[in-house]
Amino acid sequence: MELLKKELRELHKENKVSREKKYYRINLVNDKEINKGEIIFGKDGRIIIRDIQSDQEINIIKNKDVAGFRLNVGDKVEYKLVRSKEFNNELSGEIVNIISAGKKYVSGKFENHQSYGIVFPDSREVKKDIIISSEHFLNARDGDKVYIEIINPGDINEEFSDLRGKILEVLGKAGERGTEEKSIIRKFNLVKEFPKDVEKEASAIKIDYDIKDRTDLRDKIIFTIDPEDAKDFDDAVSIEKNEDGTVVLGVHIADVSHYVRENSPLDQEAFKRATSVYLVKNVVPMLPEKLSNDICSLKPDEDRLTFSVFMTLSKRYALKKFEIKKTVINSKRRFTYEEAQNIIDTGKGDFAEELLLMYKISKSITLTRLKEESLDFDSNEVKFKFSKKGEVEDIVVKERLESMRLIEEFMLLANKCATMFVNELSKKNKVNYPFIYRSHDIPNKEKMNELSEFVKQFGYNINIDDKNSIRKLLTEIKDKPEEFIINNLLIRSMAKAIYTTKNIGHYGLGFKDYTHFTSPIRRYPDLVVHRVLYDYIRDGDEILKEIEHYKRILPEVCKQSSVMEQNAEQAERESVKLMQSEYISRHIGEEFEGIVSGIVQFGMFIEIMDILVEGMVRFRDISDDYYEFDQKKHIAVGRRKRKVFRAGQKVKIKVLRVNKESKKIDFTLIN
């Protein structure tokens, strides 16, 4: 045994094996050569390399990507293995070349020099200015924002090579909101318009009133609760008491799969988009409006086809059993969250008895979930108020109402039941039924260690290996000035939730079984989950063929859905930043109270507390001293006066400058 251990230690020194705690793994990838791999999602939702020859999965060293390119899932790369402190000195991948990144598109501000033009890209990836020959101007004027293709993307890494491009579209005057909105849409490859064959298919679809083989629920009290500005209502709820004291909670979801058939033009386009994207003043839908806002939308007083989960709850509101059925409903009321909340608060109004019982049940479910394994993150969102001219008039923090929590809890439970059904079916028939899971892996240890060090400055201590310690931290920071800073940092430390065919559970929710079933109008995985569930519920003669079919197609559905979800999140964040920069640009010179939300080498991030607008106080703009960043202590210290700034500290700031194109906001401190 000792001889074996000695040999393994020698092999480890020679990089022929990797060590993972007490286990050793053979390295099938050569650390002396340039290897080829493909970018994939790892279990924790972050991108990694899968070696093409060995299938070995390898972490990517942070900030070592090829300059000028954002790595995308599916990219083929060349990489070499190096030791990395970021991953406990294990062998990790350093990208040296992207083989198949394809064409490169960016937007930027155009400057006309008559015989040639220059585009200054508003991209974190492409740092070089891009030269445009006069024949590629496309009538762009000086100061226009343009969308271009880089003709020689292979030269992005070449220090002494010029980048050249051609203008594909003139978006408008740089800095204007309409122009910058177009720029976001182009940057993230979003397309509002649908292809002609898709529109043709959608326009031919009629509401199906044939309710054969469906449970008729049209006489039942069923209603929707949604945001005030919602147009697509894809979920409705109901509640009924049984004589034995149990209750049946119904979650009824728009049956989009009845209308969108697999491999049809509609389905292919939905797969390509994978999600609806909700920009502040614009929606890029997954499905044409005729389906999303009409035929599939659960409008009040209209018959609609649904897929329902009936959950029988005990007297203490624990889940006893559930059924999943195709149904038809007629919603009796469309509530906004505010209307439902008013009835919960006053006990008066339409369907008050049902709403109050639902509220009581949701509170019980929430408490039980939080007592068990769930983490309760509470991050703030903002809402923009616009003037009649369309300008951002005000920014307010969205209030998280109990009516919102009610719907969230019921949707979580329905998603859980849908997954339990498939897993129970697999156990019963001793066959692995392929499925789409919404998975959330355990947190990244390195990032959690950073978080642990960060929170010490506020007087908190956490054991990163103990989930209860993290839950305790979330309770301790409640309503404290540093609550949302720590919350957001904790979320960033977590793995990213992704879609996968492997059921590793959902760490954040504490669920062993979880999927997305409740939003098929706006999420493609939910639409596919409906198809899969219906085939498995029927369990017909073709079930073995269907199992093989889903084994073949679901991995690609998961991959595309995860990629497009992350793309949508980035676009939505940029849209919010655009509106925030527009609002704050009209308040240059004005003073606000803020909180230090982070410190980096060259300055401090400050968030204006009332409106959640974040900007930078650059150390060079502080006149009373020269400040330096202490990375170990996460503080900024004045060189002469030794004044200290730390995260969570309240400060007064003045708005110094705003760049609406880059969406960067600079503040200065007021002493």
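May I ask you to derive the relative contact order of the chain, considering only C-alpha pairs under 8 Å and at least 6 residues apart, and to give it as an integer percent? Can you show the working numbers first?
On the way: 1277 pairs, mean separation 69.8, N = 671.
Reported relative contact order: 10 percent.
So what's the net charge close to residue 634: Lys and Arg +1, Asp and Glu -1, counting the other residues with Cβ under 15 Å from its Cβ? Don't skip to the end; give the middle numbers.
Details: positive: 447, 456, 492, 632, 633, 646; negative: 450, 453, 482, 628, 630.
Residues close to residue 634 contribute a combined charge of +1.
Local charge sum around residue 581 (other residues, Cβ-Cβ under 10 Å, Lys/Arg +1, Asp/Glu -1)?
Net local charge, residue 581 excluded: +2.
Quick one: if you stick a label point 7 Å off each Cα along the C-beta vector at residue 621 and residue 569, how many nm between them?
Result for the modelled spin labels: 2.9 nm.
Is the stretch 287-360 best put as rounded, prolate or oblate by its Cα gyration tensor, with a ≥ b ≥ c the root eigenvalues, rounded for a/c under 1.5, and otherwise prolate when a/b is larger than b/c, oblate when not?
Oblate.
What share of all Cα pairs of the stretch 136-203, in percent, falls into each consecutive 5 Å distance bin?
Cα pair-distance distribution for the stretch 136-203, in percent: 3, 15, 16, 17, 17, 15, 9, 5, 2, 1, 0.
For helix 352-372, report the angle its Cα long axis makes with the longest principal axis of the Cα atoms of the chain; keep it between 0 and 90° and round to the nearest 10°.
So the helix axis and the longest Cα principal axis differ by about 50 degrees.
Taking H placed 1.01 Å from N in the peptide plane, check which residues at least 5 places from residue 174 or on another chain put their amide H under 5 Å from its amide H.
Result for residue 174 returns 144, 145.
Calculate, for residue 55 and residue 541, the FRET efficiency according to 1/(1 + (r/R0)^6) with r their C-beta to C-beta distance and R0 41 Å; round to the nearest 0.05.
The pair residue 55/residue 541 has a calculated efficiency of 0.70.
Would you mind classifying the chain by shape? Square roots of the alpha carbon gyration tensor eigenvalues, ordered a ≥ b ≥ c; an a/c under 1.5 is rounded, otherwise it is prolate if a/b is larger than b/c and oblate if not. All intermediate terms of the calculation are to be shown ahead of the outcome.
Values: a/c = 1.36, a/b = 1.26, b/c = 1.08.
It is rounded, given that a/c, with a ≥ b ≥ c, falls under 1.5.
For the stretch 408-423, take each phi angle, set θ = phi - 60°, evaluate the Karplus expression 6.51 cos²θ - 1.76 cosθ + 1.60, and give the result in whole Hz per residue in order, putting x for glycine and proline.
So the Karplus estimates, Gly and Pro as x, are 4, 5, 5, 5, 4, 5, 5, 4, 5, 5, 4, 6, 4, 4, 5, 5 Hz.
Based on the mean of other beta carbon atoms within 10 Å per residue, what is the order of 284-291, 195-202, most packed first?
The peptides rank, most packed first, as 284-291, 195-202.
With respect to the cross-link table entries 447/480; 577/664; 480/652; 206/545, which display a Cα-Cα separation exceeding 20 Å?
Numbers: 447/480 23 Å; 577/664 9 Å; 480/652 18 Å; 206/545 30 Å.
From 447/480; 577/664; 480/652; 206/545, over 20 Å: 447/480; 206/545.
When the Karplus curve 6.51 cos²θ - 1.76 cosθ + 1.60 is applied with θ = phi - 60°, which whole-Hz ³J(HN,Hα) does each residue of the stretch 655-671 get, with x for Gly and Pro?
Taking θ as phi minus 60°, the curve returns 6, 9, 7, 9, 10, 6, 6, 8, 6, 8, 10, 10, 10, 10, 6, 10, 6 Hz for the stretch 655-671.
How far is helix 467-476 tilted off the main Cα axis of the chain, in degrees rounded to 10, range 0 to 90?
Orientation of helix 467-476: about 80 degrees from the principal axis.
Label points 7 Å out from Cα along the Cβ direction at residue 149 and residue 191: separation in nm?
Computed distance between label sites residue 149 and residue 191 equals 1.4 nm.
Can you compute 3J(HN,Hα) from phi for each residue in the stretch 262-272, using the Karplus curve 6.51 cos²θ - 1.76 cosθ + 1.60 with θ = phi - 60°, rounded to whole Hz and x for Gly and Pro?
4, 6, 6, x, 4, 5, 5, 6, 5, 4, 4
Name the long-range amide H neighbours of residue 616: under 5 Å, sequence gap of 5 or more, or other chain; modelled H, no Pro or chain starts.
Answer set, sorted by chain and number: 606, 665, 666, 667.
Treat the count of other C-beta atoms within 10 Å as a stand-in for reagent exposure and order 402, 542, 574 from fewest to most. Walk me through the intermediate numbers first.
Working: 402 15, 542 11, 574 18.
Placing the least packed residue first, the sequence is 542, 402, 574.
What does the helix-only formula give at 222 nm for the chain: each DSSP H stretch with n ≥ 4 adding -39500 (n - 2.57), the total divided by the residues, and the result rounded to the nearest 500 deg cm²/dmol? Mind dumping the intermediate values first?
Working: 12 runs with 191 residues, N = 671.
Dividing the helical sum by the residues of the chain leaves -9500 deg cm²/dmol.
Starting from 0.36 nm per residue, how many nanometres of slack lie between residue 138 and residue 502 once their C-alpha separation is accounted for? Before the final figure, lay out each step's value.
Numbers: separation 364, 0.36 × 364 = 131.04 nm, distance 4.88 nm.
Difference between extended and current length: 126.2 nm.
Report the calculated FRET efficiency for residue 114 and residue 325 (r = Cβ-Cβ distance, R0 = 60 Å), to the nearest 0.05.
Numbers: r = 70 Å, r/R0 = 1.16.
The computed FRET efficiency comes out at 0.30.
Given a Förster distance of 25 Å, report the FRET efficiency between residue 158 and residue 662 from their Cβ-Cβ distance, rounded to the nearest 0.05.
Working: r = 25 Å, r/R0 = 0.99.
After rounding to 0.05, the efficiency reads 0.50.
List 44, 303, 219 from most exposed to least, where exposure is judged by having the fewest other Cβ atoms within 10 Å. Before the final figure, lay out each step's value.
Working: 44 20, 303 16, 219 9.
In order of increasing Cβ crowding within 10 Å: 219, 303, 44.
Using Cα-Cα distances under 8 Å and only pairs 6 or more residues apart, what relative contact order does the stretch 213-357 have, in percent? Please report the intermediate quantities before stating the final value.
Working: 261 pairs, mean separation 47.3, N = 145.
33 percent.
Normalise the Cα radius of gyration of the stretch 176-221 by 2.2 N^0.38 Å (N = residues in it) and let me know the number.
Working: Rg = 19.8 Å, N = 46, 2.2 N^0.38 = 9.4 Å.
With N residues counted in the stretch 176-221, Rg over 2.2 N^0.38 Å equals 2.10.
Measure out, as a whole number of angstrom, how far apart the alpha-carbon centroids of the stretch 546-581 and the stretch 297-366 sit.
Centre-to-centre distance over Cα atoms comes out at 29 Å.
Determine, for each peptide in 584-593, 250-259, the mean count of other beta carbons within 10 angstrom over its residues, then list the peptides with the highest first. Mind dumping the intermediate values first?
Values: 584-593: 14.2, 250-259: 25.2.
Ranking, from highest mean packing down: 250-259, 584-593.
As a quick test, which of the pairs 231/416; 299/326; 127/281; 200/272 have an alpha carbon distance above 24 angstrom in this structure? All intermediate terms of the calculation are to be shown ahead of the outcome.
On the way: 231/416 26 Å; 299/326 18 Å; 127/281 29 Å; 200/272 18 Å.
Violating the 24 Å Cα-Cα cut-off are 231/416; 127/281.
Relative to the compact globular guide of 2.2 N^0.38 Å, what is the alpha carbon radius of gyration of the stretch 409-479, as a ratio?
Values: Rg = 18.2 Å, N = 71, 2.2 N^0.38 = 11.1 Å.
Scaled against compact globular proteins, the figure is 1.64.
When 335, 484 are ordered from fewest to most other Cβ atoms inside 10 Å of their Cβ, what list results? Don't jump to the answer; show the numbers that get you there.
Working: 335 23, 484 19.
Lowest to highest Cβ neighbour count: 484, 335.
Computed from the coordinates by the stated procedures, all read-outs in this text should not be read as laboratory data. Only a predicted model underlies this, so the values are computations on that prediction, with no experimental measurement involved. Don't worry about glycine lacking a Cβ; one is built from the backbone with ideal geometry, like all the others, and counts go over all protein chains shown.
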